[in-house]
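Asks: The structure under discussion is supplied below as structure tokens; questions concerning it will follow.
The values are calculated or read from the model by the stated rules, or taken from the named source; none is laboratory data. Every value quoted in this text rests on a predicted model; they were computed, and no experiment measured them. Reconstructed Cβ throughout: ideal geometry from the backbone, glycine too, with neighbour counts over all protein chains shown.
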Amino acid sequence: MKKKTILSLLMTLAIFMLSACSTPDDEEQERAYAGQADAYFVVFENLYEIDPGLNGDCEYIAFDLTNVKLEDTSPLIDLFQEFCDNNNYSLLLDDFEGLNQKGFIVDLYFPNGILIAFNDEALTNDTLVTAAQKWRSGLGAIGSEYTVKLVNSMWEITKTAKHWIS
């Protein structure tokens with residue numbers, strides 16, 4: 001009788017473990033999204049540091065996330081909010097047209113902010129390929145195509161191409 005009980009328990013445990021392995025739970029999925037969000041943040045940090053003159057006298061950092069392939073943008077928004085809070089910026093989530101309609105952009109100039117936009121080509125659990133730009137005005141913008149890869153649990157820009165500046 002003990003053998004049947006032990007065998008039955010082992011079978012139940014094996015079925016439970018196999019079913020748990022076949023579908024990711026919410027926590028695993030959340031970690032994957034958060035991990036992908038870090039890839040975008042690495043690109044943002046690179047853009048923010050390039051041509052720091054564009055950042056001068058900014059009150060706002062606007063992020064255009066309309067062309068990102070990230071399924072859940074909330075972990076990314078959390079990272080941007082934390083950066084803005086730590087650096088005395090107000091976070092805006094909008095595209096050029098929305099900012100223009102709301103009066104933030106005047107005569108093709110964002111007088112007290114910068115707009116960061118992403119235009120994704122591909123996103124997997126370990127690679128992001130995106131064209132990203134930092135825009136302040138028609139004559140004050142920069143951008144590149146970025147390839148970001150997960151290397152030893154850290155996101156790294158492994159390639160930039162088609163760098164442009166205006």
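Asks: Regarding region 82-99, can at least one residue be identified that is of a type outside the set (A, V, I, L, M, F, W, C), surrounded by fewer than 12 Cβ atoms within 10 Å (Cβ to Cβ) and closer than 17 Å to Gly56 by Cβ? Lay out the reasoning, then the answer.
Replies: Narrowing region 82-99 to residues of a type outside the set (A, V, I, L, M, F, W, C): 82, 85-90, 94-95, 97-98.
The next check asks that each one be surrounded by fewer than 12 Cβ atoms within 10 Å (Cβ to Cβ); those that pass are 85-88, 97.
Of the ones still in play, those that are also closer than 17 Å to Gly56 by Cβ are 87-88.
There is at least one residue in region 82-99 that is of a type outside the set (A, V, I, L, M, F, W, C), surrounded by fewer than 12 Cβ atoms within 10 Å (Cβ to Cβ) and closer than 17 Å to Gly56 by Cβ.
Asks: Let me ask you something else. Conditions first: (1) charged (D, E, K, R); (2) at pLDDT 95 or above; (3) not in a loop (DSSP other than H, G, I, E, B). Glu30 passes all but one, so which condition is the exception?
Replies: (2)
Asks: Okay, moving on. Which one of Ile142, Ile105 is β-branched (Val, Ile, Thr) and touching a residue at least 60 places away in the same chain (Cβ under 8 Å)? Please lay out each step first, then the result.
Replies: Details: Ile105 fails: touching a residue at least 60 places away in the same chain (Cβ under 8 Å).
Going through Ile142, Ile105 in turn, the sole match is Ile142.
Conditions (1) over 21 Å from Gly143 (Cα atoms); (2) free of Cβ contacts under 8 Å to residues at least 40 places away in the same chain, marked per residue:
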| position | (1), (2) |
| --- | --- |
| Tyr48 | no, no |
| Val68 | no, no |
| Phe80 | no, yes |
| Asn86 | yes, yes |
| Leu92 | no, yes |
| Glu97 | no, yes |
| Tyr109 | no, yes |
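Asks: Quick check on this structure: which one of Ile114, Ile105 is surrounded by 14 or more Cβ atoms within 10 Å (Cβ to Cβ), within 15 Å of Ala62 (Cα to Cα) and in contact with a Cys (Cβ under 8 Å, 6 or more places away or on another chain)? Before you say what the answer is, go through the steps one by one.
Replies: Details: Ile105 fails: in contact with a Cys (Cβ under 8 Å, 6 or more places away or on another chain).
Just a single option satisfies the conditions, and that option is Ile114.
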